[in-house]
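Below you'll find the structure, written out as structure tokens, and then a few comments.
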Amino acid sequence: MLSAAENHARPAVQITALRKSYGTNEVLKGIDLEVKPGEVVAIIGKSGSGKSTLLRCINGLEVFQEGSLRVDGKPLLYESAMAMRELRQRVGMIFQSFNLFPHLSVGKNVMLAPHLVKKKDGKENETRARQLLQRVGLAEKFDAMPDQLSGGQQQRVAIARALAMEPAVLLCDEITSALDPELVGEVLRVVESLADEGMTLLMVTHEMNFARKVSDRVIFMHQGRVHEMGPPEEVFGNPQTPELKQFLSSLHD
Amino acid sequence: MMEFSNWDIIKNLLIAARWTVGLSLIAFLCGGFVGALLLVLRLSKIRGMDRFVSLYVQLFQGTPLLMQLFLSYFGLALIGIETTALQSATLALTLFTSAFITDIWRGCVIAIPKGQWEAAQSLAMSFGEQLRYVILPQAVRIAIPPTVGFSVQVVKGTALASIIGFVELTKAGGMISNATYQPFLVFSVVAAIYFVLCFPLSLYAKMLERKIHAQRR
């Protein structure tokens, strides 16, 4: 048995010397990263810097060739379907394009995986789904179909769906990039409330103001490496490397 | 010499047409079952399966149904397996139909955005669960119009079973025309019966297609 203190000290995500290539093109060139439980980490960088790929490695959507990865102490093992299922229950993911199941109502979108994977029974599952939808401000949409919702609403349903699996870590892959500008706020407010409640979050984002406001740590990725890392005040206020300086100034143009 | 009335001709052709319908159903049901099995094998990423299925598809799409019928009737007999015409026709039509159907359905599965698989995977669903609850319900909707459309080909394809002596509509037409010396009349009726079988299917496929397009806006 682990004592409470030791248990708490166990990193939510632990990545060691991770390398990934597509054929001969190496996109992640040795990543070491530890994320503490409850920590909010923002990953920034140019497109092609490997930030989305890194995120997708964490729940096994991308296969990496070298290094190791643990989530909540569980190692990522591609060969074992059981281990992958274990790991994925601890990692929730929210996508740029929402990816709601269009043939299922909002409520069923949220209830499907807990029913199949966690074997939650109907009544309990439904109560939980209604709670989660209320939490993202969509209680009245339980019976609506996804295509009846705005982009911002769909993304909030996707968040509720991920939360229904009670993940230890939530991965957000540019979750506001496909939204109309006026809908970005409602989604970010939900993410912020999650951060406030102590959810461990890793997010790839282009919303620099949001990253600065919400995150405990900012990671700047460049050419497949963690190029610079630190608290948001330092990364944004006092960038050390020319690459980060250039990246930040390019955002203001 | 016996006299045949027009009604005799039509009546006997209609009786034989039951076998055309029967063969079509057999071909379609068996072909659909085998096609679905091949599709799941192909999607399962079991090593070598993709190769095997694509070879299967190439082979049975790339050879005439007529040759497949010959081989399954006369060919099997040569190596000592005696088959009835019905068994041979079932075998050949199943192989032929499944090769097309698995390809049609695969296209429908591929048309489902990758994000749907990824979302289902991220929610820790197993491969079977992803397929059954997320991918197939969406794929089936878009698969229905082309599948119904293909069923027209199957109905007409059963005509070839006449070549191995199976008495369905076309074979019966040949026999009756030989007895009546009225080939023009007989084969016109045969063609009309095929048309009556196939036209509603085409129409239905068109209607389904329109309906799905309307839903997708």
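Other chains near B:199-205: what is the mean number of their Cβ atoms within 10 Å of each residue's Cβ?
Working: counts 0, 0, 0, 0, 0, 0, 0.
Per-residue shielding by partner chains comes out at 0.
Mind checking which of A:LEU133, A:VAL226, A:ILE44 is farthest towards the positive end of chain A's charge dipole, using Cβ charges of +1 (Lys, Arg) and -1 (Asp, Glu) about the Cα centre?
The residue sitting most towards the positive pole is A:LEU133.
Quote the charge dipole size of segment B:6-216 about the Cα centre in Debye, to the nearest 20; the model charges only the Cβ of Lys and Arg (+1) and of Asp and Glu (-1).
Approximately 560 debye in magnitude.
Grab the Cα-Cα distance for A:ALA178 and A:ALA139, subtract it from 0.36 nm times how many residues apart they are, and report the gain in nm with one decimal.
Values: separation 39, 0.36 × 39 = 14.04 nm, distance 2.33 nm.
Extra length available between A:ALA178 and A:ALA139 comes to 11.7 nm.
Mind jotting down the distance between the C-alpha centroids of segment B:145-191 and segment A:38-106, whole Å?
57 Å
Considering only B:ILE9, B:TYR194, B:PRO137, whose Cα is most displaced toward the positive end of the charge dipole of segment B:6-216, charges sitting on Cβ of Lys, Arg (+1) and Asp, Glu (-1)?
Of B:ILE9, B:TYR194, B:PRO137, it is B:PRO137.
Among the chymotrypsin sites (Phe, Trp or Tyr not before Pro) within segment B:115-217, which fall in a DSSP loop and have no more than 10 other Cβ atoms within 10 Å of their own Cβ? Provide the component values of the computation, followed by the final result.
Details: sites: B:TRP117, B:PHE127, B:TYR133, B:PHE150, B:PHE166, B:TYR181, B:PHE184, B:PHE187, B:TYR194, B:PHE195, B:TYR204; in loops: B:PHE166, B:TYR181.
Answer in residue order: B:TYR181.
Might you report the magnitude of the Cβ-based charge dipole of segment B:1-117 about its Cα centre, with Lys and Arg at +1 and Asp and Glu at -1, to the nearest 20 debye?
Taking the Cα centre of segment B:1-117 as origin, the dipole is about 680 debye.
Under 20 Å Cα-Cα from A:LYS74, which aspartates and glutamates qualify once same-chain neighbours fewer than 8 residues away are excluded?
Once the sequence-local aspartates and glutamates are set aside, what remains near A:LYS74 is A:GLU6, A:ASP32, A:GLU34, A:GLU39, A:GLU62, A:GLU66, A:GLU86, A:GLU166.
Net charge near A:LYS213: determine it from the other residues with C-beta under 10 Å of the C-beta of A:LYS213, scoring Lys and Arg +1 and Asp and Glu -1.
Net charge around A:LYS213: -1.
Give the residue from B:ALA119, A:LEU76, B:LEU41 lying farthest towards the positive end of the charge dipole for the protein assembly as shown; charges sit on Cβ (+1 for Lys and Arg, -1 for Asp and Glu) and the dipole is referred to the Cα centre.
B:LEU41
Can you tell me the 0 to 90 degree angle between the C-alpha axis of helix A:242-252 and the longest principal axis of chain A, rounded to 10?
Helix A:242-252 sits roughly 50 degrees off the main axis of chain A.
On a 0 to 90° scale, report how tilted helix B:183-216 is relative to the longest principal axis of chain B, with both axes built from alpha carbons and the result rounded to the nearest 10.
20 degrees
Could you tally up the Lys pairs in segment B:6-216 with alpha carbons closer than 23 Å? Skip any pair fewer than 8 positions apart unless they're on separate chains. Numbers along the way, then the final one.
Numbers: B:LYS11/B:LYS156; B:LYS11/B:LYS171; B:LYS45/B:LYS114; B:LYS156/B:LYS171; B:LYS156/B:LYS206.
Within segment B:6-216, the lysine pair count is 5.
Give, as a single signed number, the net charge of other residues whose beta carbon lies under 10 Å from the beta carbon of A:VAL71, with Lys and Arg counted +1 and Asp and Glu -1.
Numbers: positive: A:ARG70, A:LYS74, A:ARG88, A:ARG90; negative: A:ASP72, A:GLU86.
Residues close to A:VAL71 contribute a combined charge of +2.
Share of antiparallel DSSP beta bridges in the protein assembly as shown, in percent to the nearest 5?
Around 55 percent of the beta bridges assigned by DSSP in the protein assembly as shown are antiparallel ones.
Can you tell me the 0 to 90 degree angle between the C-alpha axis of helix A:106-117 and the longest principal axis of chain A, rounded to 10?
80 degrees
To the nearest 20 debye, what charge dipole does the protein assembly as shown have about its Cα centre, counting +1 at the Cβ of each Lys and Arg and -1 at the Cβ of each Asp and Glu? Please report the intermediate quantities before stating the final value.
Numbers: 47 positive and 41 negative charges, 166 e Å.
That gives the protein assembly as shown a dipole magnitude of about 800 debye.
Calculate, for B:LYS156 and A:LEU248, the FRET efficiency according to 1/(1 + (r/R0)^6) with r their C-beta to C-beta distance and R0 60 Å; round to the nearest 0.05.
0.35
Which order, highest average first, do A:107-120, A:183-196, B:89-102 follow once you tally other Cβ atoms within 10 Å for each residue and take the mean per peptide?
Descending packing order for the listed peptides: B:89-102, A:107-120, A:183-196.
Between rounded, prolate and oblate, where does segment B:16-84 land on the alpha carbon gyration tensor, with a ≥ b ≥ c its root eigenvalues, rounded for a/c under 1.5, else prolate if a/b exceeds b/c?
It comes out oblate by the Cα gyration axes.
Semi-axes of the equivalent ellipsoid for segment A:83-126, please: Cα gyration tensor eigenvalues, times 5, square-rooted, ordered largest first, whole Å.
18, 18, 7
Percent relative contact order of chain B, based on C-alpha pairs within less than 8 angstrom and at least six residues apart?
29 percent
I need the per residue convex hull volume for chain B, using only the alpha carbons, in cubic angstrom as a whole number.
141 Å³
Can you check what the net charge comes to around A:VAL41, using other residues whose Cβ is under 12 Å from the Cβ of A:VAL41 (Lys, Arg +1; Asp, Glu -1)? Provide the component values of the computation, followed by the final result.
Numbers: positive: A:LYS36, A:LYS51, A:ARG217; negative: A:GLU34, A:GLU39, A:ASP216.
Charge balance in the 12 Å sphere: 0.
Taking beta carbons within 10 Å but only from partner chains, what does the mean come to for residues A:109-116?
4
Any read-out appearing in this document is the output of simple, stated calculations on the displayed coordinates, not a laboratory observation. A quick note: this is a predicted structure, and the numbers were derived from the prediction, not measured. Cβ: placed from backbone, ideal geometry, glycine included. Neighbour counts: every protein chain shown.
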